[in-house]
Amino acid sequence: MSIKQVVSNGLASKNFNYKTKGIMGAVVFTTALRAASRPVVIYKDKKADEETKKYTAGKEFLYQMLSLVLTFAMVNPAKKLGFSFAKKFLKDGKVAAEELKGIKKFDDFEKVNLDLDELTSDAKKILGKGEKEVLSPDSISKLKLVKGSVELFSFVSSIVGLTIIAPALGNVVLHPIMKAVGLTKNEPTQQKVDTKA
Amino acid sequence: MTETQKFSEIMCDKCKGAFKFFGESENGATMITCALSAFKGIFRPIFTLNDKKSDPETKKYAAIRECLTEMIAIPLYIATPWVAGKLVDNVLKSSNPIDNKRMRANAKFIGTCAAVLIIPFVCNVVQPPIMAAIKEHEEAKKAKKSLDVTSVADVQQPVVINKPATPIVSSLQKPVAIANSGMRVGN
């Protein structure tokens, strides 16, 4: 097997796609990556003193953890709201009665939405499809409207959570936590590495 | 149908375009990371400037740094997934269209994660000269301001010659006008 084939097979992985799918997947993984990488980059800065590095790296790690917690707290309910909104009010949702008949709750929709082009066996059971059946393009486009509603609600809740609530909460919550942990140095006036993004 | 239901249906019709866009887009990760960077570039500096625990100079530099970081991040969040997608389309293309779609989605996701790792290093290169230039400019401004204040204080005092003169004559002797009167405000 050539390197190209190995890489292609790896990239075509269904499990990887299922876990990283959607806006929530992107936000969770990128936030977790930031929480892991940025404190390390800050700590490797040779020009800052030890205490400053410890303080800044600790604060950055705590901030990203706070963002992660907020993501789970806000985006999951927003996705369910998006699904309910689409199912109840979306015109095509009503027209797509056949597709949405078996999808009673959000968890069922998540199983169907994993891959609309190649349904899993669970998804087929939920949709009442046979083992070899596939969805018609019309059904796929209707289910994508429902998916779009879920994604739009995730999008808005991520932005509100991570750009407004996280910085505001950070100002209030991080100082006491850092004091409790023993990181109480005043913030340095200038840092070489600013990784707060 | 009630009025609320009619309104909901009208709103849903209007939102359908947005739902279709989000439902069919392959660039969800790129969109959310760019949007987050854009909003963070606006809101984090605002929160930083409103932090009462830090001194004004520190807050100003921190806010500029945060805005600069997000401005550097946005093009990287667009470029790396795009490059990853192109790599899949041109180099790793498969005969199965479903596999292609999945490969493109996974590659773009990996590209987004790569951008997260690259951004601090790019900031390390780009930010210091810009922050140094801003600091230099601020210091030059301060120096010029303090020079202006000093030059005003150094102006010669008016000379009043005390001659034993009649009251009418002495009252007509006015002090010499100060050339630079008052403090210069701003630049």
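The values are calculated or read from the model by the stated rules, or taken from the named source; none is laboratory data. Quick caveat, the model's predicted, so the values are computed rather than measured. Cβ atoms come from the backbone with ideal geometry, glycine included; neighbour counts cover every protein chain shown.
Overview of values
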{"read-out": "Filtered residue count, the range A:164-183, keeping only those that are over 15 Å from A:ALA73 (Cβ atoms) and either facing another protein chain (nearest Cβ under 9 Å) or free of Cβ contacts under 8 Å to residues at least 40 places away in the same chain (or both)", "value": "8"}
{"read-out": "Members of the range B:22-74 that are more than 8 Å from chain A (Cβ to nearest Cβ), of a type in the set (D, E, K, R) and assigned to a helix (DSSP H, G or I)", "value": "B:LYS59, B:LYS60"}
{"read-out": "Qualifying residue in the range A:97-120 (condition: in contact (Cβ under 8 Å) with a residue 12 or more places away in the chain, surrounded by 17 or more Cβ atoms within 10 Å (Cβ to Cβ) and closer than 27 Å to A:THR163 by Cα)", "value": "yes"}
{"read-out": "Residues (buried (at least 18 other Cβ atoms within 10 Å of the Cβ), closer than 21 Å to A:THR30 by Cβ and in contact (Cβ under 8 Å) with a residue 24 or more places away in the chain) located in the range B:117-131", "value": "B:ILE119, B:CYS123, B:GLN127"}
{"read-out": "Residue within the range B:86-93 that is modelled with pLDDT under 85 and more than 8 Å from every other protein chain (Cβ to nearest Cβ) present", "value": "yes"}
{"read-out": "Given (1) buried (at least 19 other Cβ atoms within 10 Å of the Cβ); (2) among the aliphatic types (A, V, I, L, M); (3) part of a helix (DSSP H, G or I), number of the condition A:ALA73 does not satisfy", "value": "(1)"}
{"read-out": "First in the range A:15-34 and farther than 11 Å from B:VAL116 by Cα, second anywhere and buried (at least 19 other Cβ atoms within 10 Å of the Cβ) and among the charged types (D, E, K, R), Cβ under 7 Å, 6 or more apart", "value": "A:ASN17/B:ARG102; A:GLY22/A:GLU151; A:ILE23/A:GLU151; A:MET24/A:LYS79"}
{"read-out": "Residues that are surrounded by fewer than 16 Cβ atoms within 10 Å (Cβ to Cβ) and modelled with pLDDT of 80 or more, drawn from the range A:20-47", "value": "A:ALA36, A:VAL40, A:LYS44"}
{"read-out": "Condition check for A:GLU51: more than 11 Å from chain B (Cβ to nearest Cβ) and closer than 29 Å to A:PHE153 by Cβ", "value": "no"}
{"read-out": "The range B:12-33, residues that are hydroxyl-bearing (Ser, Thr, Tyr) and in contact (Cβ under 8 Å) with a residue 24 or more places away in the chain", "value": "B:THR30, B:THR33"}
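Matching residues to (1) at pLDDT below 90; (2) away from chain A (no Cβ under 11 Å); (3) within 14 Å of B:ILE64 (Cα to Cα); (4) touching a Pro at 6+ places or on another chain (Cβ under 9 Å):
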residue	(1), (2), (3), (4)
B:VAL116	no, no, no, no
B:PRO120	yes, no, no, no
B:GLU136	yes, yes, no, no
B:LYS144	yes, yes, no, no
